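Each remark here refers to the structure printed beneath this line.
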Amino acid sequence: MNLLSVQDLQTHFIFRDIDHQLREAKALNKVNLTLNSGQVLGIVGETGAGKSLTAQSICGLLRPPAKIVGGSVTFQGRELLTLSEDEINTIRGAEIAMVVQNPRSSLDPLTQIGAQLVRLHQTHTGGPLAGSRKKALDMMQAVGIPDPEGRFTAWPHELSGGMAQRVLIAMALINEPKLLIADEPTTGLDVTVQAQILDLLNELVARFDMGCMIITHDLGIVAHYCDQVAVMFAGEIVEQGPTREVFLTPAHPYTQQLLAATPERLQLGVKSQLGGQPPDLFNLPTGCLSQDRCTLATEKCGAPPPLIEISKGHLARCHFVKPAEKGRSKSNE
Amino acid sequence: MSELVLSTKNLSKRFPVGRSGSFVNAVNGVDLSIKRGEVLGMVGESGSGKSTIGRTILRLTDPSDGEITFDGQDITTLPTKLIRPMRKDMQMVFQDPWSALNPRMKIGDLIAEPLRIHFNMSRSECNDRTEVLAERVRLSADFLNRTPSALSGGQLQRVCIARAIATNPKLIVLDEPTSSLDLSVRAGILELLQELRAETQAAFLFISHDLGTIKLISDRIAVLYLGRVVEEVPKDKLFSDPSHPYTQSLLSAHLPSDPNETLQRLTLQGEIPSPINLPTGCSFHTRCPVAINSCQSNVPEADEISPGHLVSCLRLKDGQNIIRRDLK
């Protein structure tokens, strides 16, 4: 059984516009993901591709006008989407934890950081206060905060960005979650601090045998810290598989474009086929969503592309991808 | 062709902290020079003074100390009245195109604004030139009648670049021009800048924290740490022969997108010290794995170890400036 399994997840923004017309932005279109314990999954894509929305949908953090209109999210075999608010509250923060992008604005500015950690532990685990205090100090130690005793009474504004991010990671881990979702955990941090935080995450994933999902737009982070990668475009996962395989032999034209745009591979002066707008979420094209930006696109891209297994665990959603020799049974494009 | 467009000598900038009498030492004695048609990349972490240097050399803020020579003229203390007409020769592109453009002006007017200010152009001349500029940055002429809200980030950054090149400047300071953009959009902007740089022969000061981007576009790279240039290096030597311990650790923290490239793990401990209380001596000694006692008291001078490659490190003399991998 997978730790987390997302099937055909669809999240739309449904609202009435200024003319009272009902409008629907199809932000997530059939997202499929699986994650196992001890694995790190990277989710990459451009702004607006639906990376963060996927995480929020999984955690039940959506608020109107966002609405899940289809699919299922199973965590340790349990369906999350049908749970009540109270039920999801017992899971979120305890078994599923999240580290968000902007560490400073995510801490309560009027509570000392030690108290914030203790409160989180008391809410989900309970027990004597002294136990929670010890646990909080242990966690601060584990995430590499120097002098945990001294920092226990520090206020959030006294912390640097890197330290605040460590506190958030300590908060995420204090209840020993099974699944950690890190949404751009190092954006806004300096590269030398970024390396410290990512090393720490990797170490903690192994130590606590968690599943970890890292949402990022930095392909370098994925290349070196994630076992699996899922590439998103317009609310759809267009390619997923083991990181090395996807990066070295990208199958989907969009993945190829994305990789070619990284500074290391970019060749200035060579005419490239980059750029273009993502499709209008209010008015998605029928068939392949990336057809307008794709150099390979032909008439057959007007039909929805099949999800093709290129090799074990490496899937791409494209008409032009050839399935693996062995597994030809799935689709004969 | 190799005339100097800009040079600074011992450039420093301090900002007072309230009425406490203490100062944020943002820039501490920086010597830089840029030639015509050259791209100088400036890389460093936040708080290293990159943006302050960019703003100070354009006299958007006044230096506390040092000299700025622009196009053969000392502009360090030139009054604002005389600086203003010179601004047509020195332009800037900012990081965030959304806030750099007046949201209520039309794109056409935004591009024409520098032309109207600096050249006495008739309306029709202005319009013609605006269209040429829009085409040059590959922006569709349909956008000229729209407001910034109708454009994407990449398109807005093209508008900012069009504004910057409108007056044929001799120097363009680009302060993280691609940091807020998506990868594919970023690639397009870098391609455009590369083209313009060949076309205009302007000198570029390209500020970024992304080593990949810096390497792609610059001829020379200055590595900053706490308001000092610790290493100045020709582009091809940055990755092959980084000589300052800070440059080495910065490079080792860089994550290339190729999973086959092995990482050199030289992760630094701690974070960048506060620029209010600068460390004595070499500012990097608090985090430097090869620091010795004399690093705490002596500020290292820049040594030219090969043509165009300057390194400020005390350990250079005894050859111990290279962090060995087994140290970590």
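The values are calculated or read from the model by the stated rules, or taken from the named source; none is laboratory data. Note that the structure is predicted; figures quoted are calculated from it, not measured. Backbone-built Cβ (ideal geometry, glycine too); neighbour counts: all protein chains shown. Ligands, DNA and RNA are stripped out before the accessible areas are found, and what is left, the full protein with its side chains, is counted by its heavy atoms. Shrake-Rupley method; radii C 1.70, N 1.55, O 1.52, S 1.80 Å.
Please compute the net charge surrounding B:Leu4, taking Lys and Arg as +1 and Asp and Glu as -1 over other residues with Cβ under 11 Å from its Cβ. Its environment carries a net charge of 0. If one computes the Cα centroid of segment A:304-323 and of segment B:8-53, what distance in Å separates the two points? So the separation of the two Cα centres works out to 51 Å.
Available extension along the chain between B:Glu135 and B:Ser33 is 33.5 nm, counting 0.36 nm per residue and deducting the alpha carbon span. GNM remark for chain B: springs join alpha carbons under 10 Å apart, and the peak mean-square fluctuation among B:Phe143, B:Phe206, B:Phe94 falls on B:Phe143. Placing pseudo-labels 7 Å out from each Cα toward the beta carbon at B:Asp65 and B:Ser149 gives an inter-label distance of 4.9 nm.
Here segment B:122-172 and segment B:291-309 have alpha carbon centers that stand 45 Å from each other.
Whole number in Å², please: accessible area per residue of segment A:92-198, 1.4 Å probe, ligands, DNA and RNA not counted. All intermediate terms of the calculation are to be shown ahead of the outcome.
Working: 4180 Å² over 107 residues.
Averaged over the residues of segment A:92-198, the accessible area is 39 Å².
Suppose we compare each residue of segment A:220-235 in its chain alone and in the full protein complex with a 1.4 Å probe; which ones drop by at least 20 Å² of accessible area? The answer is A:Gly220, A:Ala223, A:His224, A:Tyr225.
Given B:Lys35/B:Lys88; B:Lys13/B:Lys88; A:Lys135/A:Lys178; B:Lys215/B:Lys317; A:Lys67/A:Lys300; B:Lys215/B:Lys237, which pairs have Cα atoms separated by over 21 Å?
Values: B:Lys35/B:Lys88 18 Å; B:Lys13/B:Lys88 24 Å; A:Lys135/A:Lys178 17 Å; B:Lys215/B:Lys317 28 Å; A:Lys67/A:Lys300 31 Å; B:Lys215/B:Lys237 10 Å.
Where the Cα-Cα span goes over 21 Å, the pairs concerned are B:Lys13/B:Lys88; B:Lys215/B:Lys317; A:Lys67/A:Lys300.
Shielding by partners for peptide A:251-262, expressed as the average number of C-beta atoms from other protein chains within 10 Å of each residue's C-beta, is 3.
In debye, nearest 20: dipole of the protein assembly as shown around its Cα centre with unit charges on the Cβ of K, R (+) and D, E (-)? List each step's numbers first, then the result.
On the way: 67 positive and 72 negative charges, 107 e Å.
Rounded to the nearest 20 debye, it is 520 debye.
Charge tally for A:Ser290 (other residues, Cβ to Cβ under 10 Å; Lys, Arg +1; Asp, Glu -1): 0. Just add up the charged neighbours of A:Gln228: K/R +1, D/E -1, any other residue whose Cβ is under 12 Å from the Cβ of A:Gln228. Here the charged neighbours net out to -2. Distance from the Cα centroid of segment A:238-256 to that of segment A:35-62 is 17 Å (rounded to whole angstrom).
Computed from the C-beta positions of B:Lys235 and B:Asn168, the FRET efficiency with R₀ = 22 Å rounds to 0.25. Under the membrane-span-like helix rule (DSSP H runs whose alpha carbons stretch at least 15 Å along the helix axis, mean Kyte-Doolittle hydropathy -1.0 or higher), chain A yields A:113-124, A:129-142, A:161-173, A:191-208. GNM on chain A, alpha-carbon springs under 10 angstrom: the most fluctuating residue among A:Ile43, A:Ile18, A:Ile91 is A:Ile18. A:Met140 contributes an accessible area of around 0 Å² to the protein surface, as traced by a 1.4 Å probe with all chains present.
Pull out the extension gain between B:Gln320 and B:Met105, defined as 0.36 nm times the separation in residues minus the alpha carbon to alpha carbon distance; nm, one decimal.
On the way: separation 215, 0.36 × 215 = 77.40 nm, distance 5.69 nm.
Result: 71.7 nm gained on full extension.
Calculated FRET efficiency, A:Thr249 and A:Ala303, Cβ-Cβ r, R0 30 Å, to nearest 0.05?
Working: r = 25 Å, r/R0 = 0.84.
My answer for the efficiency is 0.75.
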